[in-house]
């Protein structure tokens with residue numbers, strides 16, 4: 001089974017040269033002579049591809065990883081605040097009020113996903129992502145001062161407004177810099193910032209919780225205030241330093257920018273600045289059934305992912321740990337999940353394979369939920385099962401998102417398709433918020449675990465169908481070497497070779 005094929009697979013043979021310094025790109029003759037329309041691309045003589053990619057890594061990955069770490073931390077720190085008395089102080093007496101506060105976040109988060117990603121292209125990542133970072137930092141700080149349930153709902157809603165662009169926007173930026181076979185490690189490093197946020201959030205909450213009643217504020221208020229202020233300061237710094245698209249990178253020389261754009265054009269189609277996104281683009285992307293399968297793959301894993309993020313402190317507290325111990329014991333599963341996700345990503349890039357690297361972690365997560373469903377009198381085993389759930393879920397998700405995103409040829413398709421996947425997938429966040437409702441008749445959270453396993457199985461089925469669909473489409477395209485009647489611009493937008501509809505994959509499998 002194969003990835004959806006792009007011209008890059010044939011061009012790799014042309015791009016690769018004898019130099020040992022890079023992953024397949026030789027050193028050019030003196031000066032940069034390859035034009036943007038030529039069939040070959042040569043690295044500028046003063047550098048190598050490996051050095052250039054290292055510079056890109058240092059300019060892109062720290063920014064997007066830290067940005068999304070703060071976004072996810074500000075999103076899920078309400079779970080840590082709950083352990084320090086948030087519900088009692090705000091008079092939240094109804095059983096589902098906490099769940100309602102969680103779910104309202106997803107309303108703007110889902111609805112505004114695609115419009116925000118389109119704005120990202122016009123305003124540039126540096127401006128739009130930084131402004132939104134400042135925005136959700138201010139809202140998080142305000143959460144620390146709310147006095148009732150209505151105030152909490154208002155701030156959670158605004159948090160969804162400002163955070164909706166973070167995940168698809170950062171993925172869009174990463175996809176605008178790297179070729180497909182370079183992407184998975186970078187995507188997973190970025191995505192695994194959620195695991196670091198979970199671990200860091202638990203440690204931070206355990207420390208901040210000791211500030212209870214300092215200056216008259218409860219510990220849960222200090223969690224929001226401190227984390228929100230740090231986010232605002234970070235957003236201000238990013239407003240002047242955050243990277244944009246390759247064609248806007250002032251830290252690159254002109255020949256370096258041209259080289260990067262050329263290699264990306266071979267791999268992906270038009271650059272991010274080639275033309276405007278139209279309503280027809282949106283219709284065309286959403287008419288592709290593979291886009292819906294991509295949404296279902298992500299949707300199925302969002303339910304257990306957010307269930308774990310929002311309710312793991314609650315589950316741990318049901319094991320009779322005090323608030324501080326609950327926060328501390330929430331850290332190791334996140335830390336192990338980060339390491340495991342990176343190992344899976346490295347292995348996936350090395351094998352140039354995606355499908356099995358989604359199915360394997362999914363089975364690990366199912367095994368964890370199986371233990372939680374069947375074991376209720378062995379705390380070490382129950383705690384170990386939380387490791388399996390976190391490891392499996394948070395290592396499969398970045399593979400799925402990268403697999404889908406890097407099969408979207410052309411930047412306008414990627415901008416729309418990535419936002420769609422995240423928007424549709426996050427409907428699962430709404431489901432997750434009501435999956436773990438406290439019920440005296442269900443002290444072991446069986447209903448929540450069963451819901452999570454059901455949606456993980458949905459994701460697994462969608463992964464199988466997606467793998468089959470791209471394999472079938474590649475075989476179909478290979479029979480139409482004339483280009484299928486597409487114009488040259490349409491072929492480029494779809495990531496299709498100008499000479500033929502599909503190029504046989506060199507070692508790429510799904």
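Can you work out which of the residues in region 427-447 that are under 18 Å from the mean Cα position of the chain (by Cα) and surrounded by fewer than 23 Cβ atoms within 10 Å (Cβ to Cβ) is farthest from residue 289 (Cα to Cα)? Top of the filtered list is 430.
Does residue 158 qualify as being in a helix (DSSP H, G or I), over 17 Å from residue 223 (Cα atoms) and out of contact with any strand residue (DSSP E or B) (no Cβ under 9 Å at 6 or more places or on another chain)?
For residue 158, the condition - in a helix (DSSP H, G or I), over 17 Å from residue 223 (Cα atoms) and out of contact with any strand residue (DSSP E or B) (no Cβ under 9 Å at 6 or more places or on another chain) - is met.
Residues satisfying the criterion are present in region 208-222 (criterion: assigned to a helix (DSSP H, G or I) and surrounded by fewer than 19 Cβ atoms within 10 Å (Cβ to Cβ)). The residues listed here are 384, 396; of these, the one that is part of a helix (DSSP H, G or I), modelled with pLDDT of 90 or more and surrounded by fewer than 23 Cβ atoms within 10 Å (Cβ to Cβ) is 384. With the requirement that a residue be part of a helix (DSSP H, G or I) and under 17 Å from residue 72 (Cβ atoms), what does region 173-196 give you? Passing the criteria: 173, 174, 187, 188, 189, 190, 191, 193, 194, 195, 196.
Would you be able to say whether some residue in region 166-174 is free of Cβ contacts under 8 Å to residues at least 60 places away in the same chain and within 23 Å of residue 398 (Cα to Cα)? Steps first, please.
At the first step, the residues of region 166-174 found to be free of Cβ contacts under 8 Å to residues at least 60 places away in the same chain are 169.
After this cut, where a residue has to be within 23 Å of residue 398 (Cα to Cα) as well, the list is 169.
Yes, there is a match, as at least one residue in region 166-174 is free of Cβ contacts under 8 Å to residues at least 60 places away in the same chain and within 23 Å of residue 398 (Cα to Cα).
Looking only at residues of region 121-134 that are without any contact (Cβ under 8 Å) to a residue 60 or more places away in the chain and over 14 Å from residue 64 (Cα atoms), we find that the one that is surrounded by the fewest Cβ atoms within 10 Å (Cβ to Cβ) is 122. Scanning region 247-260 for residues that are surrounded by fewer than 22 Cβ atoms within 10 Å (Cβ to Cβ), in contact (Cβ under 8 Å) with a residue 12 or more places away in the chain and assigned to a helix (DSSP H, G or I) turns up 247, 248, 255, 256, 258.
If you check 189, 233, 204, 196, which single one turns out to be over 22 Å from the mean Cα position of the chain (by Cα), modelled with pLDDT of 80 or more and under 20 Å from residue 394 (Cβ atoms)? Give the steps one after another, and end with the answer.
On the way: 189 fails: over 22 Å from the mean Cα position of the chain (by Cα); 233 fails: under 20 Å from residue 394 (Cβ atoms); 196 fails: over 22 Å from the mean Cα position of the chain (by Cα).
That would be 204, the only listed residue that is over 22 Å from the mean Cα position of the chain (by Cα), modelled with pLDDT of 80 or more and under 20 Å from residue 394 (Cβ atoms).
Considering 158, 90, 119, 152, the condition of being farther than 23 Å from residue 433 by Cβ and touching a helix residue (DSSP H, G or I) at 6+ places or on another chain (Cβ under 8 Å) is satisfied by 119 alone.
Within region 295-312, identify whether any single residue is closer than 14 Å to residue 82 by Cβ, in contact (Cβ under 8 Å) with a residue 12 or more places away in the chain and surrounded by fewer than 20 Cβ atoms within 10 Å (Cβ to Cβ), and answer yes or no. Checking region 295-312: not a single residue is closer than 14 Å to residue 82 by Cβ, in contact (Cβ under 8 Å) with a residue 12 or more places away in the chain and surrounded by fewer than 20 Cβ atoms within 10 Å (Cβ to Cβ).
Identification of helices (runs of 4 or more DSSP H) wholly contained in region 286-374 with 3 or more residues that are closer than 30 Å to residue 182 by Cα and modelled with pLDDT of 90 or more yields 289-317, 331-351, 355-374.
The values are calculated or read from the model by the stated rules, or taken from the named source; none is laboratory data. Keep in mind that this is a model prediction, so the values were computed, not measured. For neighbour counting, all protein chains shown are included, and Cβ atoms are generated from backbone atoms with ideal geometry for every residue, glycine included.
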